[in-house]
Amino acid sequence: MSFHGGLLGVLIAMLLFARRHQLTFFQLTDFIAPMVPIGLGAGRLGNFINQELPGRITDVSWGMVYPLYGPEPRHPSQLYQFALEGVALFTILWFASREPRQKGLISGLFLLFYGCFRFITEFFRQPDSQLGFIAFDWLTMGQLLSLPMVLFGLFLMAWSRGQQVAQPPVIGAS
């Protein structure tokens, strides 16, 4: 399952959880979003260790040979994704969430930056073998699915400007 499909499932679960615990949806998503890049980064390191999701063939000096995919050096795209979707995204969200802010802003930042970082790193990642390039001999499914995330992230950030400063969620209090 790709990240994009998993995200939809998690958002549905978060919506149900928020309703059950009488939270607003964005109280919950803004609270959880800064923690997600830690898991994303760990997953990308796991992809690297397991030689999953290799990069495209390259001639850059840091190219790596993945024996499962032939003798040609490839971009270590999993490490690029670890750096951007893990470390950089965590840093951005952590700094943005240190102070009280409007409801939806952190969720919007997550969608915007994850979508942008994924779009960029897809240029170095080998397209899924069953799909190949979707359009223009360069657009991958990961890039196509990231575009709505970027647009919705921008929308949420603009929408949040008119919102009140959000209170952090209190879960389990009676």
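Bear in mind that the values in this text are calculations on the coordinates, not laboratory data. Nothing here was measured: the structure is a model prediction, and the numbers come from that model. Neighbour counts are summed over all protein chains in view; Cβ atoms, including those assigned to glycine, are modelled from backbone coordinates with ideal geometry.
What full-extension length gain, to one decimal in nm, is calculated for Val87 and Ala135 as 0.36 nm per residue of separation minus the Cα-Cα distance?
Gain on stretching Val87 to Ala135: 14.3 nm.
Order of Glu52, Glu122 from fewest to most other C-beta atoms within 10 Å?
Glu52, Glu122
Could you calculate the FRET efficiency of Leu147 with Met35 from 1/(1 + (r/R0)^6), where r is the beta carbon distance between them and R0 is 25 Å, rounded to 0.05?
In this case the efficiency is close to 0.50.
Checking the a/c ratio against 1.5 first, then a/b against b/c, what shape does the Cα gyration tensor give for the chain?
Here the chain falls in the prolate category.
Once you mark the trypsin sites (Lys or Arg not before Pro) that are in a DSSP loop and have at most 16 other Cβ atoms within 10 Å, what is the longest gap between them in the chain?
That gives 102-160 as the longest site-free run.
Using Cα pairs under 8 angstrom and six or more residues apart, how large is the relative contact order of the chain, in percent?
About 25 percent, as a whole number.
Can you give me the C-alpha center-to-center distance between the stretch 37-58 and the stretch 90-124, rounded to a whole angstrom?
Their Cα centres are 20 Å away from one another.
From the phi angles alone, apply the Karplus equation (6.51, -1.76, 1.60; θ = phi - 60°) to the stretch 76-85 and give each ³J(HN,Hα) in whole Hz, x where the residue is Gly or Pro.
With coefficients 6.51, -1.76 and 1.60, one gets x, 4, 5, 6, 4, 5, 4, 5, 8, 6 Hz.
Kindly state, to the nearest 0.05, the FRET efficiency for Asp59 paired with Trp159, given R0 = 41 Å and r defined as their beta-carbon distance.
0.35
Determine the shape class of the stretch 63-163: with a ≥ b ≥ c the square roots of the Cα gyration tensor eigenvalues, call it rounded for a/c under 1.5, and otherwise prolate if a/b is greater than b/c, oblate otherwise.
Note, shape of the stretch 63-163 comes out oblate.
So what's the back-of-envelope 222 nm ellipticity for the chain, counting only DSSP H runs of four-plus at -39500 (n - 2.57) apiece and dividing by all residues, rounded to 500?
-16500 deg cm²/dmol
If R0 is 25 Å, what FRET efficiency do you get for Tyr69 and Val10 from their C-beta distance, rounded to 0.05?
0.25
So for the stretch 93-174, averaging the separation of alpha carbon pairs under 8 Å that are six or more residues apart and normalising by length, what relative contact order in percent results?
With pairs under 8 Å counted, the relative contact order is 47 percent.
Say a site is exposed when it is one of the chymotrypsin sites (Phe, Trp or Tyr not before Pro), sits in a DSSP loop, and has at most 13 other Cβ atoms within 10 Å; what is then the longest site-free stretch of the chain?
After excluding every exposed loop site, the longest remaining stretch is 63-132.
Name the residues whose placed amide hydrogens come within less than 5 Å of the amide hydrogen of Arg74, ignoring near sequence neighbours (fewer than 5 apart) on the same chain.
Answer set, sorted by chain and number: Thr58, Met64, Val65, Tyr66.
To the nearest 20 debye, what charge dipole does the chain have about its Cα centre, counting +1 at the Cβ of each Lys and Arg and -1 at the Cβ of each Asp and Glu?
600 debye
Would you mind ranking Glu99, Glu85, Glu72 so that the residue whose beta carbon has the fewest other beta carbons within 10 Å leads the list?
Glu99, Glu72, Glu85
Name the residues whose placed amide hydrogens come within less than 5 Å of the amide hydrogen of Leu139, ignoring near sequence neighbours (fewer than 5 apart) on the same chain.
Ile134
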